[in-house]
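Heads up, the thing below is written out as structure tokens.
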Amino acid sequence: MSYVISGLPVAPFAPLFEMDDAALAALGALRRRADADRGFPCRVSLVDAKAGEELILLHYVSHDVATPFRSGYAIYVRAQAQEATPYGDATPPVFEGRALALHGSAAGGMLRGATLAAPREADPAIAALLPPAEIPYIHAHNAAYGCFAARIDRN
């Protein structure tokens, strides 16, 4: 089954980096600096921030649907993030070494299937979850922390 993994668009997050800490706090967001080369996955570029990079940690509604499966959680966005080129039938660097929870949804946002993917097993798990026509997209979440990782669309 052919699929595409996309990062988030950069435009909605760019103004956050111009805000001071008080303005960010009013939005429930925080400015952070990565203290390691791993552990700060950017949802725009789909790569981990390097130690020293500035990020914003914020709440993001990743599945904005009028169903019980509406969901949101904290995500990181790097200050220097460039939008990721979509990954066709391949997983982005930010998936490497992470266990993922994959939630397959119907067009209206209702959950139709789910599975867990161990590190380095995302591709076969995605391929197994997408075949039913009623699942046009999957939301990937980090299994341990629960944060949104990326959207996967049937291609």
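FYI, it's all coordinate maths here, none of it is from the lab. Keep in mind that what you see is a predicted model, and the values were worked out from it rather than measured. FYI the Cβ positions are ideal-geometry reconstructions off the backbone, even for glycines, and counts take in every protein chain you see.
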Average Cα contact separation per residue, the chain, under 8 Å, 6 or more apart, as relative contact order %: 25 percent
Against the rule of thumb 2.2 N^0.38 Å, how large the Cα Rg of the chain comes out: 1.03
Summed side-chain charge close to G104 - residues other than G104 whose Cβ falls under 13 Å, Lys, Arg +1, Asp, Glu -1: +1
Antiparallel bridges, percent of DSSP beta bridges restricted to segment 1-104 (to nearest 5): 95 percent
Assigned charges on the beta-carbon of Lys, Arg, Asp, Glu; the chain dipole about Cα centre (debye): 260 debye
